[in-house]
Amino acid sequence: MDTKNIDWGNLGFGYVKTDKRFVANFKNGKWDGGKLTTDDAVVISECAGVLQYAQTCFEGLKAYTTEDGRVVTFRPDLNAKRMVSSCKRLEMPVYPEEDFIHAVLSVVKANAKWVPPYGSGATLYVRPYMFGSSPVIGVKPADEYQFRIFVTPVGPYFKGGIKPITVRLSDLDRAAPHGTGDIKAGLNYAMSLHNIVDAHKNGFAENMYLDPASHTYIEETGGANILFVTKDGKIVTPKSTSILPSITRRSLVEVARDYLHMEVEERPVNKAELNDFAECGLCGTAAVISPIGKVVDHGKDICFASGMEKMGPVLQKLYDTLTGMQMGRIEAPKGWIYEVK
């Protein structure tokens, strides 16, 4: 399959306009059939629900060229299910799961020349999203909505290789108790922007958030779930009702437990336990695993035994196994890989 004439090895992690995107509209109580279009402009009322009351949610996944030349996506069915949860919480109409998957595959196929070649380190990022499009001036849900998907080729999240990062324990919260932390709502990310800018100004790559009720238990960062590895090789991941259920984390947990036969615990993780872990990493669609070498707790350095030079051996094994499945080097569990034909 021909690809665009792009220097894939030097592609950044940012937006590049591609040929086609998918658009469907909800009006008079039902969704239309949706269509692919070349028009990248979104035209809405100045009083649209998304602009007034942030009524919007989104998803993120990737398409890959495998070792044998196929174009595939990874577990889009779980993205469809998670968007259903987001829509229900935000009083938005659910976009049918099967239609979601079909739209994702259609957009990737329509932009096949933008899918980076195998071995380039680049991938095609897929962004489904939905927003209230009709005018709303009183505090209530919109009457009309738009569901869209665009794709953009992105380079590797880490230029020059994966290096452990330094994060800080945050005094601010990313989610409220019994709030929207467990759905992929745009407002959650808006709440984290000031804090991540401040973290970067102070030399930290990310903020590690504690539970909003007691500030005692580790939850996640502004954009990723967290994995810990104990000194005896056990995988531990925080459990809380205000953590976004990451598809990457879920997949890594399944790989660890079912394919690498590691012991896995999903439980509340007290911040006092940080000193007891050998490895730590963030997990999400963009980088799969971002190793953490150090957590700074108000001036106190908590350093993991894996160090600041490279990813620890357990997380590296997890990373290699999952990316191997995504790229077709390792056979993935049934139903995880959707081929674009």
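The values are calculated or read from the model by the stated rules, or taken from the named source; none is laboratory data. Model, not experiment: these values are computed from the prediction. As a convention, Cβ positions derive from the backbone with ideal geometry for all residues, glycine included, and neighbour counts pool all protein chains shown. Note: areas computed on protein heavy atoms with side chains; ligands, DNA, RNA excluded. Shrake-Rupley method; radii C 1.70, N 1.55, O 1.52, S 1.80 Å.
List the residue pairs whose Cβ atoms are under 9 Å apart, where the first residue sits in region 96-119 and is within 12 Å of TYR338 (Cβ to Cβ), the second is at pLDDT below 95, and the two are 6 or more positions apart or on different chains.
If the second residue must be at pLDDT below 95, the pairs left are LEU105/LYS341; LYS109/LYS341.
Given the criteria touching a Lys or Arg at 6+ places or on another chain (Cβ under 7 Å) and modelled with pLDDT of 95 or more, does GLU263 qualify?
On the way: touching a Lys or Arg at 6+ places or on another chain (Cβ under 7 Å): yes; modelled with pLDDT of 95 or more: yes.
When the stated conditions are applied, GLU263 passes them.
Among the residues of region 251-265, count how many are within 25 Å of MET83 (Cα to Cα) and in contact with a helix residue (DSSP H, G or I) (Cβ under 7 Å, 6 or more places away or on another chain). Steps first, answer last, please.
So the first thing to find is which residues in region 251-265 are within 25 Å of MET83 (Cα to Cα), and the list is 251-255.
If we keep only those that are in contact with a helix residue (DSSP H, G or I) (Cβ under 7 Å, 6 or more places away or on another chain) too, we end up with 251-252, 255.
The qualifying residues number 3.
Within the set of pairs 6 or more residues apart or between chains, which connect a residue that is assigned to a loop (DSSP other than H, G, I, E, B) inside region 327-340 to a residue that is small (Gly, Ala, Ser) with Cβ atoms less than 7 Å apart?
ILE330/GLY324; VAL340/ALA63
Please determine whether any residue of region 123-136 is touching a Leu at 6+ places or on another chain (Cβ under 7 Å), in a loop (DSSP other than H, G, I, E, B) and surrounded by fewer than 23 Cβ atoms within 10 Å (Cβ to Cβ).
Taking region 123-136 as the starting set, the residues that turn out to be touching a Leu at 6+ places or on another chain (Cβ under 7 Å) are 126.
Imposing the further condition that a residue be in a loop (DSSP other than H, G, I, E, B) reduces the set to none.
No; the residues of region 123-136 include none that is touching a Leu at 6+ places or on another chain (Cβ under 7 Å), in a loop (DSSP other than H, G, I, E, B) and surrounded by fewer than 23 Cβ atoms within 10 Å (Cβ to Cβ).
Among the residues in region 312-323, are any open to solvent by 40 Å² or more (accessible area, probe 1.4 Å) and under 16 Å from TYR209 (Cβ atoms)? If you could, list the steps in order and put the result at the bottom.
Of the residues in region 312-323, the ones open to solvent by 40 Å² or more (accessible area, probe 1.4 Å) are 313, 316-317, 319-320.
So of that shortlist, the ones also under 16 Å from TYR209 (Cβ atoms) come out as none.
Within region 312-323, none of the residues are open to solvent by 40 Å² or more (accessible area, probe 1.4 Å) and under 16 Å from TYR209 (Cβ atoms).
Every residue in region 13-30 that is part of a loop (DSSP other than H, G, I, E, B) and exposed (fewer than 12 other Cβ atoms within 10 Å of the Cβ), please. Reasoning before the result, please.
In the first step, residues of region 13-30 are kept if they are part of a loop (DSSP other than H, G, I, E, B); the result is 13-20, 28-29.
GLY14, LYS17, ASN28, GLY29, listed by residue number.
Any residue at all in region 170-185 that is assigned to a strand (DSSP E or B), among the small types (Gly, Ala, Ser), in contact with a strand residue (DSSP E or B) (Cβ under 8 Å, 6 or more places away or on another chain) and open to solvent by less than 50 Å² (accessible area, probe 1.4 Å)?
Pass one, region 170-185, residues assigned to a strand (DSSP E or B): 185.
So of that shortlist, the ones also among the small types (Gly, Ala, Ser) come out as 185.
Filter once more, keeping what is in contact with a strand residue (DSSP E or B) (Cβ under 8 Å, 6 or more places away or on another chain): 185.
Next, only the ones that are open to solvent by less than 50 Å² (accessible area, probe 1.4 Å) stay: 185.
Yes, that holds for at least one residue.
Against the condition among the charged types (D, E, K, R), farther than 22 Å from ASP77 by Cβ, touching a residue at least 40 places away in the same chain (Cβ under 8 Å) and assigned to a loop (DSSP other than H, G, I, E, B), how does LYS163 come out, does it pass?
Numbers: among the charged types (D, E, K, R): yes; farther than 22 Å from ASP77 by Cβ: yes; touching a residue at least 40 places away in the same chain (Cβ under 8 Å): yes; assigned to a loop (DSSP other than H, G, I, E, B): yes.
Yes, satisfied.
If I ask for residues that are touching a residue at least 24 places away in the same chain (Cβ under 8 Å) and not in a loop (DSSP other than H, G, I, E, B), which ones from region 287-312 would you list? So that I can check it myself, show each step before the final result.
Here is the first cut: in region 287-312, the ones touching a residue at least 24 places away in the same chain (Cβ under 8 Å) are 287-298, 302, 304-312.
VAL288, ILE289, SER290, PRO291, ILE292, GLY293, LYS294, VAL295, VAL296, ASP297, ILE302 - these are the residues of region 287-312 that are touching a residue at least 24 places away in the same chain (Cβ under 8 Å) and not in a loop (DSSP other than H, G, I, E, B).
Before we move on, is CYS283 over 12 Å from ILE226 (Cβ atoms) and out of contact with any Gly (no Cβ under 6 Å at 6 or more places or on another chain)? Give the derivation first.
Details: over 12 Å from ILE226 (Cβ atoms): no; out of contact with any Gly (no Cβ under 6 Å at 6 or more places or on another chain): yes.
So CYS283 fails the test.
Does GLY33 qualify as being closer than 19 Å to GLU144 by Cβ and open to solvent by 60 Å² or more (accessible area, probe 1.4 Å)?
When the stated conditions are applied, GLY33 passes them.
Of a type outside the set (Asp, Glu) and either touching a Gly at 6+ places or on another chain (Cβ under 9 Å) or more than 30 Å from PRO117 (Cα to Cα) (or both), is that true of ARG329? Explain how you work it out, then say what you get.
Details: of a type outside the set (Asp, Glu): yes; either touching a Gly at 6+ places or on another chain (Cβ under 9 Å) or more than 30 Å from PRO117 (Cα to Cα) (or both): no.
When the stated conditions are applied, ARG329 does not pass them.
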